[in-house]
1. Just one of the numbered conditions (1) under 30 Å from residue 216 (Cβ atoms); (2) in contact with a helix residue (DSSP H, G or I) (Cβ under 8 Å, 6 or more places away or on another chain) is not true of residue 160; which one?
2. Answer with yes or no whether residue 84 is touching a helix residue (DSSP H, G or I) at 6+ places or on another chain (Cβ under 6 Å) and either touching a residue at least 12 places away in the same chain (Cβ under 8 Å) or assigned to a loop (DSSP other than H, G, I, E, B) (or both).
3. Condition first: buried (at least 19 other Cβ atoms within 10 Å of the Cβ) and closer than 26 Å to residue 163 by Cα. Now tell me which residues in the stretch 202-217 satisfy that.
4. Scan the stretch 87-103 and give yes if some residue there is in a loop (DSSP other than H, G, I, E, B) and over 31 Å from the mean Cα position of the chain (by Cα), otherwise no.
5. Only one of 302, 279 is over 20 Å from residue 320 (Cα atoms) and surrounded by fewer than 14 Cβ atoms within 10 Å (Cβ to Cβ). Can you tell me which?
6. Assuming residue 140 fulfils every condition listed in (1) over 27 Å from the mean Cα position of the chain (by Cα); (2) free of Cβ contacts under 8 Å to residues at least 40 places away in the same chain apart from one, which condition is it?
7. Scan the stretch 243-292 for residues that are over 21 Å from residue 229 (Cα atoms) and out of contact with any helix residue (DSSP H, G or I) (no Cβ under 8 Å at 6 or more places or on another chain) and report the count.
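The values are calculated or read from the model by the stated rules, or taken from the named source; none is laboratory data. Note that the coordinates shown come from a computational prediction; the quantities given were computed from them, not determined experimentally. All Cβ positions, even for glycine, are placed from backbone atoms using ideal geometry, and neighbour counts span all protein chains on display.
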């Protein structure tokens, strides 16, 4: 039987590691198991999802029929040796994760879960976590001495301290032959180089976006789709690289969020590159307000001066008239709506004026206090 002090120390180490994984190591990794309270059924499986550091996950097979639950620290098969991870999902929802990641259940070979982590495994894992920051700094210095055009963003040690993954960013192809030799001689471990993109690095570091909220890539995004400037054009946004770029230096991922809605709405809009011919003159398109279904035009030669809002229905009508070889007399019929609503502030709750005390003080004199005898 182990001494009580040693058991308490292991529990403390385990709590610290769990806290590290929930805060520093991308807390977007956990998955909500909405089938957790249901009794086991025919869909139960021996497949378990294990999560590691830096958004790394894996599906492993529980060959020893261990009673595992979310949050358990386990030792799993690695190449070579073994690794330490945390259970993030069990039960039938693992099949959904396989489908999401396009992993064939019948053809894939899943690695094994050896056991629940022993106190010795957890202690060695804590030592490995403590070496990561120092190793990263030394690795950056070695890469700089070799004059390699790359940036090492993070280092992840395997649970048994026999292997380390070096995450790096590089714009061009890098020759690692000399670098790996120096790493192996310096750190005395197996080396694996893994390239990540600028978006993945921003998600790992975290930060606050221009919207005032935490970066999407650091709190919930796991798959990164390509973003192009056409997404900004569809949404009538100014092509200002300072405003369209995120902290990673790439176009903001949120440009794709409402893109489909804009594209579907603009299918019913008339072409913007067709000028409107009227008896008053030729009008050219300047901008479009998709939400109000209004297109803004100005006379040819005036640029953006004196823009006139025209409803989409009226633009379609004028274009049909121009196709027949005719010109309407005016651009708009009836009153012209400027598109700007006037806001009048009223005292709806019966509050007094903020300057009510200033008027009183100006008209009254201060009363002198009587002197005491």
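1. The failed condition is (1).
2. Working: touching a helix residue (DSSP H, G or I) at 6+ places or on another chain (Cβ under 6 Å): yes; either touching a residue at least 12 places away in the same chain (Cβ under 8 Å) or assigned to a loop (DSSP other than H, G, I, E, B) (or both): yes.
It is true that residue 84 is touching a helix residue (DSSP H, G or I) at 6+ places or on another chain (Cβ under 6 Å) and either touching a residue at least 12 places away in the same chain (Cβ under 8 Å) or assigned to a loop (DSSP other than H, G, I, E, B) (or both).
3. The answer is 202, 203, 204.
4. Our first condition is that a residue be in a loop (DSSP other than H, G, I, E, B); within the stretch 87-103, this holds for 90-92, 101-103.
Then keep just the ones that are over 31 Å from the mean Cα position of the chain (by Cα); that gives none.
No, every residue in the stretch 87-103 fails to be in a loop (DSSP other than H, G, I, E, B) and over 31 Å from the mean Cα position of the chain (by Cα).
5. On the way: 279 fails: over 20 Å from residue 320 (Cα atoms).
Going through 302, 279 in turn, the sole match is 302.
6. With respect to (1) over 27 Å from the mean Cα position of the chain (by Cα); (2) free of Cβ contacts under 8 Å to residues at least 40 places away in the same chain, residue 140 is out only on (1).
7. The initial filter retains those residues of the stretch 243-292 that are over 21 Å from residue 229 (Cα atoms), namely 268, 270, 274-284, 292.
With out of contact with any helix residue (DSSP H, G or I) (no Cβ under 8 Å at 6 or more places or on another chain) added as a condition, the list becomes 275, 279-284, 292.
The number of residues fulfilling the criteria is 8.
Rundown of residues vs (1) within 25 Å of residue 313 (Cβ to Cβ); (2) out of contact with any strand residue (DSSP E or B) (no Cβ under 8 Å at 6 or more places or on another chain), yes/no style:
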{"position": "234", "(1), (2)": "yes, yes"}
{"position": "257", "(1), (2)": "no, yes"}
{"position": "273", "(1), (2)": "yes, no"}
{"position": "276", "(1), (2)": "yes, no"}
